[in-house]
Amino acid sequence: MEKEKPFVEIFTDGACSGNPGAGGFGVILRREDREKEISGCEPMTTNNRMELTAVIKALEALKKPCRVKLVTDSNYVVQGMTSWIFQWMRNNWRNSQKQQVLNRDLWEQLLSLSHLHDIRWEWIKGHNEHAENERCDKLARHAIRKCRKTPPPD
């Protein structure tokens with residue numbers, strides 16, 4: 001009998017100071033009683049790119065296929081992955097206004113990663129006292145502050 005895939009809860013958030021501006025993301029991965037936090041930043045990006053990056057980094061951290069409950073306050077990510085992306089692909093990555101889909105590089109990366117797992121996408125209202133969402137937001141904002149203090153490369 002095939003062993004059931006492990007169950008992992010993932011919480012994500014992306015943030016930007018200015019849009020575009022310095023951006024950060026925060027992730028919490030939880031399996032049983034273990035947790036891992038991931039965060040990072042980019043010096044010039046958008047909020048939507050950080051929301052997508054958070055989910056990508058979370059899925060990249062999984063070492064094998066899992067059953068995933070992915071919780072985010074980004075309707076952009078949830079609607080994108082559960083509804084819009086199928087139409088975009090049928091329309092050669094054009095949206096309903098016939099424009100190129102923004103962040104296509106990240107959407108394609110996320111789509112590829114999502115095929116490895118059984119994901120249940122869950123949207124929650126942001127800044128609504130959801131403990132893990134608040135932690136992810138703090139991780140993302142801390143990453144932005146850290147990014148701003150890093151001198152630019154030569």
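The values are calculated or read from the model by the stated rules, or taken from the named source; none is laboratory data. Quantities reported herein were computed from a predicted structural model and do not represent experimental measurements. Cβ atoms come from the backbone with ideal geometry, glycine included; neighbour counts cover every protein chain shown.
Exactly one residue out of Val8, Val71 is within 25 Å of His127 (Cα to Cα), surrounded by 13 or more Cβ atoms within 10 Å (Cβ to Cβ) and under 14 Å from the mean Cα position of the chain (by Cα), and it is Val71.
Taking first residues from the range 122-141 that are without any contact (Cβ under 8 Å) to a residue 12 or more places away in the chain and partners that are assigned to a helix (DSSP H, G or I), no Cβ contact under 6 Å between residues at least 6 apart in sequence or on separate chains turns up. With respect to being under 13 Å from the mean Cα position of the chain (by Cα), assigned to a helix (DSSP H, G or I) and over 21 Å from Gly26 (Cβ atoms), Leu52 falls outside the description. Could you tell me whether any residue of the range 89-105 is of a type in the set (Phe, Trp, Tyr), over 22 Å from Val8 (Cβ atoms), crowded, with 18+ Cβ neighbours inside 10 Å and at pLDDT 95 or above? The answer is no, given that none of the residues of the range 89-105 is of a type in the set (Phe, Trp, Tyr), over 22 Å from Val8 (Cβ atoms), crowded, with 18+ Cβ neighbours inside 10 Å and at pLDDT 95 or above. Screening Trp107 on (1) of a type outside the set (Ser, Thr, Tyr); (2) under 18 Å from Asn48 (Cα atoms); (3) part of a helix (DSSP H, G or I); (4) over 15 Å from the mean Cα position of the chain (by Cα) shows it passes everything except condition (4).
Residues in the range 1-45 that are closer than 21 Å to Leu116 by Cβ and touching a Pro at 6+ places or on another chain (Cβ under 8 Å): Lys5, Arg31. Restricting attention to the range 45-81, which residues are aromatic (Phe, Trp, Tyr) and either modelled with pLDDT under 95 or within 14 Å of Asp105 (Cα to Cα) (or both)? Hits for the range 45-81: nothing passes.
Could you tell me which numbered condition Asp118 fails, if it satisfies all but one of (1) over 17 Å from Asn48 (Cβ atoms); (2) in contact with a helix residue (DSSP H, G or I) (Cβ under 6 Å, 6 or more places away or on another chain)? Asp118 satisfies every listed condition except (2).
Of everything in the range 1-25 that's assigned to a loop (DSSP other than H, G, I, E, B) and either within 16 Å of Arg67 (Cα to Cα) or among the basic types (Lys, Arg) (or both), which residue is modelled with the lowest pLDDT? In this case the residue turns out to be Glu2. The numbered conditions (1) touching a residue at least 24 places away in the same chain (Cβ under 8 Å); (2) more than 16 Å from the chain's Cα centre (by Cα) are all true for Met89 except (1).
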